[in-house]
Amino acid sequence: MSDIEIGLYGLALLFALIALRIPIGIAMIGVSFGGLYLLGGWKIAWASLGLLPFNFAASWVLSAVPMFLLLGFLCYHAKLTEGLFRAARVWLQGMPGGLAIASVLGSAGFAAVSGSSIACSATMGRVAVPEMTKAGYDPELATGTVAVAGTIGALIPPSVIMLIFAVIAKVPVTDLFVAGIAAGVVTALGYILVIVIRVRLTPSLAPRDDNPLPLRARILMTRDTWPIILIMLGVFTGLFSGVFTATEAGAVGAFLATLVALMKGTLTRRVFLAAISDTVLTTSTMIIIGVGATVLTRFLAFSGAGDFLSDLVVESTSNPVVIMLGLVVLYLFLGLFLEPVGAMLLTLPLVLPIIRETGFDMIWFGVVLTKLLEIGMITPPVGMNVFVIKSVVGSLVTTGQIFRGIGWFLLMDLVVLGLLIAWPQIVLFPLTAFAG
């Protein structure tokens, strides 16, 4: 058996193990270790398993992941973001579907301190869905809106997915964050457009509030947004001015969130321990998957299977559009079954050489990939955001109703994805303007 055949059989075994529901990180480590043993013996296999995990986990950029996760979990458990929804609600009372639009804007605001799609969905689901149902909103529209709005959390910086992509692809994380802003804004505007059109066509979906609060009351309600605004200013001013590294920005954000929660009286011992526990669990899971991807990259490179597959793809067609379309189909398919970080790290060892060979901009691809992975967060049968909303709202709606509620938003996601691919300037313009 040739080295390339060992690599290809190893990939087939890997996908078989994942289909059997073996944890993706464990499957990648096990298959890669076995393949390296077959290719080079025990010394090569053990040396790789001893060195590569350390090199990956010791990356300075990767240290930003637990910092931003801690920031997001502190804001979530200490309920620092609820003022965003309430402020947006009072200013949007007169618009068709105002509460649903407020959910989208609230999620965009929370995304600026979280970086987690699931945290965004859980936070807005807990606050916004009861308010919308109380106001007579259609349950499918209410829950579907919050489920899809959570996906903005991975696009607007700080984004955990973008952080990990920056480590693997070796691109500047700050550039990736800046480029993600436009994609997040376009996505939010697309969701708002869907809400307005649907409510215009079927007003019964979202009864209009004809008793708006006076201006003074609206301004007073807006004051509740100060915790998030303070944290956002602290994080982004330092990060984008170059004063902070990504890790330092995350640490400063977590420190500010702790101070704000103490000032508001919402940081109890239980809240703090819950935030720490969630941060440790999520970080550990991501590192195991990342280690698996690193060892898999070594196995594919050592066997030659990685180069073989990338050359096969590039030689089969020289048309970048066809290659990009194939990648879109691949990630949309993987999104049906795998969570975003696992899908990304499983495929990057194979995909990154193709991207470099084709000449695509790596920053632009990182943003498009993030958008693709987040679409997987709302597509059945896995659709993690949908199940998060279901756990929050309980028996109010069925899981099937939530999936039906995301239908129109999913179509808009595909439209936005098409725009980002067809006009890369949408993604790269903020980066150009920032550099200028």
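Would you say Ile426 is assigned to a helix (DSSP H, G or I) and surrounded by fewer than 21 Cβ atoms within 10 Å (Cβ to Cβ)? Yes, satisfied. Taking the criterion of being among the hydrophobic types (A, V, I, L, M, F, W, C), assigned to a helix (DSSP H, G or I) and over 18 Å from Gly144 (Cα atoms), the residues of the stretch 411-423 that qualify are Leu417, Leu419, Leu420, Ile421, Ala422.
Check whether at least one residue in the stretch 348-367 is of a type in the set (Phe, Trp, Tyr) and either surrounded by 20 or more Cβ atoms within 10 Å (Cβ to Cβ) or in a helix (DSSP H, G or I) (or both), and report yes or no. There is at least one residue in the stretch 348-367 that is of a type in the set (Phe, Trp, Tyr) and either surrounded by 20 or more Cβ atoms within 10 Å (Cβ to Cβ) or in a helix (DSSP H, G or I) (or both).
Exactly one residue out of Val65, Val104 is closer than 20 Å to Val291 by Cβ, open to solvent by less than 10 Å² (accessible area, probe 1.4 Å), at pLDDT 80 or above and under 18 Å from the mean Cα position of the chain (by Cα): that is Val65. In the stretch 7-36, the qualifying residues are those that are of a type in the set (Gly, Ala, Ser) and closer than 22 Å to Thr283 by Cβ, and the one that is nearest to the chain's Cα centre (by Cα) is Gly25. Here Asp278 meets the list (1) open to solvent by 40 Å² or more (accessible area, probe 1.4 Å); (2) more than 23 Å from the chain's Cα centre (by Cα) almost entirely, failing just condition (2). If you go through the stretch 250-263 and keep only what is aliphatic (A, V, I, L, M) and either outside any helix (DSSP H, G or I) or touching a helix residue (DSSP H, G or I) at 6+ places or on another chain (Cβ under 6 Å) (or both), you end up with Ala251, Val252, Ala254, Leu256, Ala257, Val260.
From the set of residues in the stretch 392-410 that are without any contact (Cβ under 8 Å) to a residue 12 or more places away in the chain and part of a helix (DSSP H, G or I), which is surrounded by the most Cβ atoms within 10 Å (Cβ to Cβ)?
Taking the stretch 392-410 first, the residues without any contact (Cβ under 8 Å) to a residue 12 or more places away in the chain are 394-395, 398, 400.
Filter again for part of a helix (DSSP H, G or I), leaving 394-395, 400.
Numbers: Gly394: 7, Ser395: 6, Gly400: 11.
By that ranking, first place goes to Gly400.
Could you please give the count of residues in the stretch 168-183 that are on the phi > 0 side of the Ramachandran plot and either open to solvent by less than 10 Å² (accessible area, probe 1.4 Å) or at pLDDT 90 or above (or both)?
Filtering the stretch 168-183 down to residues on the phi > 0 side of the Ramachandran plot leaves 170.
So of that shortlist, the ones also either open to solvent by less than 10 Å² (accessible area, probe 1.4 Å) or at pLDDT 90 or above (or both) come out as none.
Summing the residues that are on the phi > 0 side of the Ramachandran plot and either open to solvent by less than 10 Å² (accessible area, probe 1.4 Å) or at pLDDT 90 or above (or both) in the stretch 168-183 gives 0.
The single condition from (1) without any contact (Cβ under 8 Å) to a residue 60 or more places away in the chain; (2) closer than 23 Å to Ala19 by Cβ; (3) open to solvent by 30 Å² or more (accessible area, probe 1.4 Å) that Thr379 fails is (3).
Restricting attention to the stretch 282-307, which residues are open to solvent by 30 Å² or more (accessible area, probe 1.4 Å) and farther than 16 Å from Ile164 by Cβ? Hits for the stretch 282-307 are Arg298, Ala301, Phe302, Asp307. For the residues Gly234, Gly250, Gly238, Gly265, the requirement of being farther than 30 Å from Ser48 by Cα, small (Gly, Ala, Ser) and open to solvent by 50 Å² or more (accessible area, probe 1.4 Å) singles out Gly265. Among the residues of the stretch 18-60, just one is touching a residue at least 24 places away in the same chain (Cβ under 8 Å), of a type in the set (Ser, Thr, Tyr) and open to solvent by 20 Å² or more (accessible area, probe 1.4 Å), namely Ser59. Comparison of Thr237, Thr266, Thr247 shows that the only residue that is touching a residue at least 24 places away in the same chain (Cβ under 8 Å), in a helix (DSSP H, G or I) and polar (S, T, N, Q) is Thr247. Residues that are out of contact with any Lys or Arg (no Cβ under 6 Å at 6 or more places or on another chain), within 25 Å of Ala169 (Cβ to Cβ) and in contact (Cβ under 8 Å) with a residue 40 or more places away in the chain do occur in the stretch 72-94, at least one of them.
Filtered by the rule that a residue be more than 23 Å from Leu372 (Cα to Cα), part of a helix (DSSP H, G or I) and either among the small types (Gly, Ala, Ser) or in contact with a Phe, Trp or Tyr (Cβ under 8 Å, 6 or more places away or on another chain) (or both), the stretch 300-326 gives Ala301, Ser303, Ala305, Ser316.
One line per residue, one yes/no per condition, for (1) open to solvent by less than 40 Å² (accessible area, probe 1.4 Å); (2) part of a loop (DSSP other than H, G, I, E, B); (3) touching a Leu at 6+ places or on another chain (Cβ under 6 Å); (4) closer than 18 Å to Asp361 by Cβ:
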| position | (1), (2), (3), (4) |
| --- | --- |
| Thr123 | yes, no, no, no |
| Arg126 | no, no, no, no |
| Val129 | yes, no, no, no |
| Glu140 | no, no, no, no |
| Ala166 | yes, no, yes, yes |
| Val185 | no, no, no, no |
| Arg200 | no, no, no, no |
| Ser204 | no, no, no, no |
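Given the structure, is Met384 touching a Gly at 6+ places or on another chain (Cβ under 8 Å) and either surrounded by 14 or more Cβ atoms within 10 Å (Cβ to Cβ) or among the β-branched types (Val, Ile, Thr) (or both)? Even if it seems obvious, please write down each step before you answer.
Values: touching a Gly at 6+ places or on another chain (Cβ under 8 Å): no; either surrounded by 14 or more Cβ atoms within 10 Å (Cβ to Cβ) or among the β-branched types (Val, Ile, Thr) (or both): yes.
No.
Residues that are more than 25 Å from Phe177 (Cα to Cα) and out of contact with any Cys (no Cβ under 9 Å at 6 or more places or on another chain) number at least 1 in the following helices (runs of 4 or more DSSP H) confined to the stretch 1-113: 3-19, 24-40, 42-57, 82-91.
With respect to Leu431, determine if the residue is part of a helix (DSSP H, G or I), modelled with pLDDT under 90, touching a helix residue (DSSP H, G or I) at 6+ places or on another chain (Cβ under 6 Å) and farther than 22 Å from Gly184 by Cα.
Working: part of a helix (DSSP H, G or I): yes; modelled with pLDDT under 90: yes; touching a helix residue (DSSP H, G or I) at 6+ places or on another chain (Cβ under 6 Å): yes; farther than 22 Å from Gly184 by Cα: no.
When the stated conditions are applied, Leu431 does not pass them.
The values are calculated or read from the model by the stated rules, or taken from the named source; none is laboratory data. Everything numeric here is computed off the predicted structure, so don't read it as measured data. Glycine also receives a Cβ, built like all others from the backbone with ideal geometry; neighbour counts cover every protein chain displayed. Accessible surface is based on the protein model in full, side chains and every heavy atom, while ligands, DNA and RNA are left aside. Shrake-Rupley method; radii C 1.70, N 1.55, O 1.52, S 1.80 Å.
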